[in-house]
1. Under the classification rounded if a/c is under 1.5, otherwise prolate if a/b is larger than b/c and oblate if not, where does segment 246-287 fall, given a ≥ b ≥ c as square roots of the Cα gyration tensor eigenvalues?
2. For Ser321 and Ala293, compute 0.36 nm times the residue count separating them, minus their Cα-Cα distance, and round to one decimal in nm.
3. Per residue and in Å³, how big is the convex hull formed by the alpha-carbon atoms of segment 173-393?
4. What do the square roots of 5 times the Cα gyration tensor eigenvalues come to for segment 2-77, in whole Å, largest first, as semi-axes of the equivalent ellipsoid?
5. Number of Lys-Lys pairs in the chain under 30 Å by Cα, sequence gap 8 or more or different chains?
6. At 25 °C and 0.890 mPa s, grab the translational diffusion coefficient of the chain from Stokes-Einstein with a Kirkwood Rh over Cα pairs, rounded to a whole number in µm² per second.
7. How many nm is it between the label spots at Thr148 and Ser201, if each spot is 7 Å from the Cα in line with the beta carbon?
8. By the gyration tensor of its Cα atoms, with a ≥ b ≥ c the square roots of the eigenvalues, what is the shape of segment 163-250: rounded for a/c under 1.5, prolate for a/b over b/c, or oblate?
Amino acid sequence: MAVEVRIPELGESISEVQVADWIRRLGEVVAADEPLAEIDSDKATVELPAPVAGRLVEIRVPAGTYCKVGDVVALIDETASGEPGGPAAPRASATPATGQAPTGPAATDATVMPAARRVLAEQGLSAAQVTGTGPGGRVLKEDALRATAATPPPPAPRPAAGSREERLRPMSPIRRRIADRLVAAQNSAALLTTFNEVDMSAVKAMRARHQEAFQARYGVKLGFMSFFTKAVIDALRLVPQLNSEIRGQDIVERDYYDIGIAIGSGKGLVVPVIRNAEALGFGDLEQRIADFAGRAQNKKIDLAELEGGTFTISNGGVYGSLLSTPIVNPPQSGVLGLHAIQDRAVVVGGEIVVRPMMYVALTYDHRIVDGREGVTFLKHVKECIEAPERLMLEV
């Protein structure tokens, strides 16, 4: 009996998904709940499990197809027998390999003497265009020179023989969602970015002193993100407009801090949210951030973990970015961009010294946050990072 495999419900706001890739192949025997395919929504990638054990007898939609929730995408014959979970058949490439010319027997040229070869190469001639007068038909330098004199100037250089192929690939739901939200932010908000730079010496020294004990207690490394999360929460208390949002003609103010942490995944940027981050210590924050990062790479982030958020931190420095202008994640009113740490010459106490410096950028919605407030927020973050004991004493 054939059992239908349908696109499951993934959330209240999700009605369309993309079948990103088939994990199992047609004709394979699968176990119940074994992943059959990966499906992308506009928020995350999830696995499509087999509803029953049996043989995959029909795949109705190829990878890359968009489907509605409830659509039938495959059939499983549950009367089939065999060893489930066997290796999938090799996946065929969607396009032929480029840059590989067909092979065949090599052309046979007359023997060309080295001096003649240089002349022919300079003039763009082949041995077939020259009559050799040397022993055994060898092409001598004189033969090459005669051929050069009798040959018109070489034609214009031929175009490069590289591939000119183009491939059409559907945009994944996550990428479409990212594109829509970024365009919406640019079109609906009055975005403004302010910059500052932070001396990371004190934080680096504190991490070095306590890294071993911290890792032994919490099982994760003490990173920079927990310091910045703590500094952001302290600054949001000082400038609550950046923890608010515009809703219609009203401003929604909050007394809690749900901090989104932007993380790169194989499908694009995802922003899981740390709820009530103000109630967490450094160890809890680092554990949650490490957990998000690991599950993002394995496409295991739950949809509920990507929703909401009152403020976002994005660390482009892990990719080497020196300076950028992050874009607000609507309906939030602000986003903090972190960048690469570089040793730079700075003036401290009237003397030029080398310090590990990081540029930071705050993009905010000017409709709700004034320039003075935006600058005040970023300056407070800088002060907290440069004197991290303030975060422990909450001063």
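Only the coordinates and a few stated rules stand behind these numbers; no lab work does. Because the structure is a prediction, the values reported are computed rather than measured. Cβ coordinates were reconstructed from backbone atoms using ideal geometry, including for glycine residues, and neighbour counts include every protein chain displayed.
1. Working: a/c = 5.66, a/b = 1.27, b/c = 4.47.
In terms of gyration-tensor shape, oblate.
2. Working: separation 28, 0.36 × 28 = 10.08 nm, distance 1.90 nm.
Between Ser321 and Ala293, full extension yields an extra 8.2 nm.
3. Here the figure is 131 Å³ per residue.
4. Numbers: eigenvalues 82, 26, 23 Å².
Output for segment 2-77: semi-axes of 20, 12, 11 Å.
5. For the chain, the number of qualifying lysine pairs is 26.
6. Details: Rh = 26.6 Å.
The calculation lands on 92 µm²/s.
7. A separation of 6.7 nm, rounded to one decimal place.
8. Verdict is oblate for segment 163-250.
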